[in-house]
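Input: a single structure, listed below in structure tokens.
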Amino acid sequence: MAQSIDVDLMAKHGYSIEQLMELAGLSVAASIASEYPKGRVILCIGPGNNGGDGLVAARHLCHFGYQPCLYYPVQPTKDLYKRLLLQCQSHGIAVVNDLADEVAKCDIVVDAIFGFSFKGTVRAPYDKVLSTLQGIGKPIVSIDVPSGWDVELGNSQGVGLCPDMLVSLTAPKLCAEHFAGRYHYLGGRFAPPDLARELGTPHYPGSSQCVRLL
């Protein structure tokens, strides 16, 4: 279901992956700004589309007055991700190497590692990333699906993160039923009216890019 939504948005409604990432990342940054005071944010970036959303969110957080940095252990060679990273660097957003040290200094952690397509076991180097982030005592914001979770079953393997905020994109995934954090937001305000009705998308207030569900 989750993958078919993106396929419909691109094949049927004419969106590009770049547009979807830009709007998704903006909604993540807007959700964070709705609940957390300005401060230091470390964004843990994965190798796929969830990571792309995180790169976009970092840029918008910078414009919103936060101090973002990136932990990006595996950087894809695909042109899309290289351009998103260059945009971050053009905003003075640093890529850091010591995750534990930066987490200790930050106020917020953004989990942009795995998305709804994650299956199986967590492999290196992300097994150590998740281990470092578990029990850190800092609020974690997960994009769409908390890393380590199955998109339908949730944290069925017990290795996933337990975020303080979940920002679902386009529509909440089934695993969101297992979310136990304080804030659940919906972002990605780009579904055409027919798709929004089909998904039961709630009303977005005014010009907001996100809406709080919990």
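A few points about this structure:
- Counting DSSP beta bridges with both ends in the chain, the antiparallel % (nearest 5): 15
- The 3J(HN,Hα) values that the Karplus relation (6.51, -1.76, 1.60; θ = phi - 60°) gives for the range 60-72 are, in residue order, 5, 4, 4, 5, 7, x, 7, 10, x, 9, 10, 10, 9 Hz. Gly and Pro appear as x.
- From helices alone, the chain scores -10500 deg cm²/dmol at 222 nm; the rule is -39500 (n - 2.57) for each run of n ≥ 4 DSSP H residues, then divide by the residue total.
- Paramagnetic reach from K128 (point 7 Å along Cα→Cβ, amide N under 19 Å) across the range 72-100: 72-76, 95-100
- For the peptides 174-180, 34-40, the ranking by mean Cβ contacts within 10 Å, running from highest to lowest, is 174-180, 34-40.
- Gain in span if fully extended, D79 to Y204, counting 0.36 nm per residue against the direct Cα distance: 41.7 nm
- Cα-Cα over 25 Å, subset of K38/K105; K119/K173; K38/K119; K82/K138; K78/K138; K38/K173: K38/K119; K82/K138; K78/K138; K38/K173
- Distance between the modelled labels on D98 and H13, one decimal in nanometres: 4.5 nm (7 Å Cα→Cβ projection).
- Packing around the peptides 53-64, 81-92, taken as the average count of other Cβ atoms within 10 Å per residue, puts them in this order, highest first: 53-64, 81-92.
All of the numbers you see were taken from the coordinates with simple rules; none came from a lab. Note that the structure is predicted; figures quoted are calculated from it, not measured. Cβ sites come from the backbone with ideal geometry, for glycine too, and all protein chains shown count toward neighbours.
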